[in-house]
Every structure is written in C-alpha cells, then in structure tokens.
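Visitor: The structure that follows is given in the form of structure tokens.
The values are calculated or read from the model by the stated rules, or taken from the named source; none is laboratory data. On a predicted model such as this, the values are computed, not experimentally measured, just so you know. Don't worry about glycine lacking a Cβ; one is built from the backbone with ideal geometry, like all the others, and counts go over all protein chains shown.
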Amino acid sequence: MCWNCRGLGNPATVRELKQPIVADASNIVCLSETKIKVNSISRVTSICRMEGCLAVSAEGKSGGLALMWKEGAKFSIQSYSKFHIDSLVGLDDGTDLRFTGFYGHSDLALRNQASDMLRRTNSSVREGGMDAEKEGGRRKPKTFMNDFSELLEELSLVDIKTRIGWFTWSNNREGLSLVKERLDRFLVSEDIVENMPFIETKVVRQFKSDHDAIFMNTVGSKLRERCVKPKHWLRYDTCWAKEKEAKDIINSVWSKNDRNFMEKVEDVREKLGR
C-alpha cells in the first residue's frame with residue numbers, strides 16, 4: 001500500500017490508514033507527506049500492526065516519509081533521503097525484489113533531480129508521485145510529459161495500470177472547478193513484469209487526504225483462482241484446461257517478432273480478459 005496521507009498527526013487519519021492495511025493484509029506500506037517527526041511514527045506503526053519502520057522526518061509542516069513492514073517480512077533498507085526510501089525485499093524463492101518509495105519534488109523546475117535519483121536507485125518496483133493523466137484545470141507542459149515517457153523507456157519501466165479506479169488526487173470541488181489527476185502509480189521493471197505477469201494494482205478512496213491510496217498485489221487474480229467452480233466431478237479438469245489455454249495464449253503472443261514488449265503485454269492482458 002502507498003499513500004500520500006497529508007499528515008499523520010490526526011488520530012482519525014491513523015484510523016483510516018489502519019483499515020485498508022488490515023483489510024488487504026498489506027505486507028509493505030509506504031507513506032509520504034507524514035508531516036511528523038521520526039519519534040512519532042512508532043505509535044502509528046503499532047496501531048497499524050506493523051513490525052518494522054524506517055521514517056524520514058518532516059521539515060517544518062511539510063514532507064516526511066515512512067516505510068513500514070509486517071513481522072516476518074525479509075526487509076533491508078538500502079538508502080533514503082527526504083524524497084525516497086530504497087529497500088530490498090526477500091521473496092519466498094530466495095531472490096530479492098528492490099522496492100523504492102519515491103516522492104517527487106513539488107517544484108517542477110527541480111524535477112530533473114528527482115529523475116536522476118530514480119536512475120541511481122535502479123529499482124525493480126517503484127511507487128511515486130509522478131505527473132500524468134489529468135481531468136480539468138490547466139494542462140502541464142508537453143515537454144515534461146515527454147520527459148517522463150522517455151525516462152520510463154530509458155529505465156525499462158512499465159507503468160502498471162490500475163484494475164480499480166484511475167485518478168489518485170482530487171481538489172474535491174464540484175462542476176467545472178473539479179480537477180482530478182493520476183499522480184501516484186507503481187512503476188515496475190520489465191523483467192519483473194515477465195516473472196510476475198498477474199500483478200494487479202488498484203486505487204482505494206481515502207477521506208482524510210486529497211490523495212487516494214494505491215495498492216499492488218504481486219500475485220494478482222491468477223486464472224486458477226478465478227475459475228468458476230462447476231460440479232465437483234469436473235472442477236479440476238476445467239481449471240487445468242483454462243490454465244493450459246492461458247499458457248498457449250501467452251506463448252503465442254510472446255513468439256511474435258513484430259511487436260515490442262509493451263504491445264505484447266497489452267495483447268496478453270486483452271486475450272486473457274484482464
């Protein structure tokens with residue numbers, strides 16, 4: 001789970017934070033704009049039933065990062081600053097997944113510094129506040145959007161589209177004054193997408209912040225879990241058939257040489273009904 005919480009000093013915000021963590025059994029939680037000092041985060045960690053935490057203090061009334069993880073998680077902090085926390089997460093198969101929680105600079109003129117930081121971390125999975133799709137209000141410069149697209153291509157990152165929800169920020173106004181943006185997202189390296197093809201993300205509405213929370217499930221809704229249970233005597237055969245069909249579809253799409261990586265990913269998603 002990742003959330004720009006806009007301050008954790010209010011007990012009501014902490015209670016709202018706890019609810020989706022418990023409901024989704026989140027193993028890792030990344031928070032930005034905590035607006036509190038490091039010595040105050042232990043209370044939040046305890047309330048949310050998390051075991052470990054690395055926090056970066058707010059500066060005055062702004063900023064502040066926190067990365068929390070559950071008991072039993074194989075976690076190792078690599079580096080951190082007021083804009084990022086970089087970590088290694090141990091997987092069940094013995095490999096490590098690199099996760100970086102990243103909060104972009106609010107000043108557009110200084111965003112190049114943020115891009116350089118992303119290049120240095122060379123992470124497998126990143127969560128960050130980046131500029132993208134917008135509805136209402138003034139449009140951001142096209143040059144900045146082009147720079148963002150080029151950065152993704154340079155670092156071989158895939159922007160994982162959400163299965164539920166889309167915009168992650170709103171000014172909470174009505175009519176023509178309403179502005180919504182997709183500012184928060186998960187960026188995943190291409191090799192991770194290949195190894196975890198069923199990754200899913202979603203947006204969950206939050207009321208104590210103008211930002212909604214985003215969630216990523218690295219297992220996702222695998223076909224075997226989505227099988228509609230027929231009568232018991234056909235149950236296993238039906239699921240196996242669907243799984244074989246899925247493998248055939250993936251092999252067929254991936255063997256084509258006239259498409260790039262992203263086109264193949266989208267084709268597989270479409271054919272599997274994702």
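Visitor: Among the residues of region 133-145, are any aromatic (Phe, Trp, Tyr) and in contact (Cβ under 8 Å) with a residue 40 or more places away in the chain?
Guide: The answer is no, given that none of the residues of region 133-145 is aromatic (Phe, Trp, Tyr) and in contact (Cβ under 8 Å) with a residue 40 or more places away in the chain.
Visitor: Among the residues of region 72-88, what is the count of those that are of a type in the set (S, T, N, Q) and either buried (at least 18 other Cβ atoms within 10 Å of the Cβ) or on the phi > 0 side of the Ramachandran plot (or both)?
Guide: 1
Per-residue answers, yes or no, for (1) of a type in the set (D, E, K, R); (2) at pLDDT below 75; (3) in a loop (DSSP other than H, G, I, E, B):
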| site | (1), (2), (3) |
| --- | --- |
| 138 | yes, no, yes |
| 147 | yes, no, no |
| 197 | no, no, yes |
| 201 | no, no, no |
| 244 | yes, yes, no |
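Visitor: Could you list all residues from region 9-20 that are under 16 Å from residue 41 (Cα atoms) and surrounded by 12 or more Cβ atoms within 10 Å (Cβ to Cβ)?
Guide: Passing the criteria: 9, 10, 13, 14, 15, 16, 17, 18.
Visitor: Applying the selection to region 162-221, what residues are over 13 Å from residue 1 (Cα atoms), of a type in the set (Gly, Ala, Ser) and buried (at least 19 other Cβ atoms within 10 Å of the Cβ)?
Guide: Of everything in region 162-221, just one residue is over 13 Å from residue 1 (Cα atoms), of a type in the set (Gly, Ala, Ser) and buried (at least 19 other Cβ atoms within 10 Å of the Cβ), namely 189.
Visitor: Got a number for residues in region 1-58 being free of Cβ contacts under 8 Å to residues at least 24 places away in the same chain and among the aromatic types (Phe, Trp, Tyr)?
Guide: Summing the residues that are free of Cβ contacts under 8 Å to residues at least 24 places away in the same chain and among the aromatic types (Phe, Trp, Tyr) in region 1-58 gives 0.
Visitor: Could you check region 9-42 and list, in sequence order, the residues that are in a helix (DSSP H, G or I), out of contact with any Ser or Thr (no Cβ under 8 Å at 6 or more places or on another chain) and aliphatic (A, V, I, L, M)?
Guide: Hits for region 9-42 are 12, 14, 17, 21, 22, 23.
Visitor: Something else now. For the condition assigned to a loop (DSSP other than H, G, I, E, B), on the phi > 0 side of the Ramachandran plot and within 20 Å of the chain's Cα centre (by Cα), what is the one hit in 6, 49?
Guide: 6
Visitor: Of the residues that make up region 63-73, is at least one touching a helix residue (DSSP H, G or I) at 6+ places or on another chain (Cβ under 7 Å), assigned to a strand (DSSP E or B) and in contact (Cβ under 8 Å) with a residue 24 or more places away in the chain?
Guide: Yes: one or more hits.
Visitor: Checking residue 206 against (1) without any contact (Cβ under 8 Å) to a residue 60 or more places away in the chain; (2) on the phi < 0 side of the Ramachandran plot; (3) out of contact with any Lys or Arg (no Cβ under 9 Å at 6 or more places or on another chain): exactly one of these is not met. Which one?
Guide: Condition (1) is where residue 206 drops out.
Visitor: What residue, among those in region 172-200 that are touching a residue at least 60 places away in the same chain (Cβ under 8 Å) and over 12 Å from the mean Cα position of the chain (by Cα), is nearest to residue 96 (Cα to Cα)?
Guide: For region 172-200, the residue satisfying everything is 192.
Visitor: Further, regarding this structure: Restricting to region 42-71, name every residue that is surrounded by fewer than 17 Cβ atoms within 10 Å (Cβ to Cβ) and among the hydrophobic types (A, V, I, L, M, F, W, C).
Guide: 47
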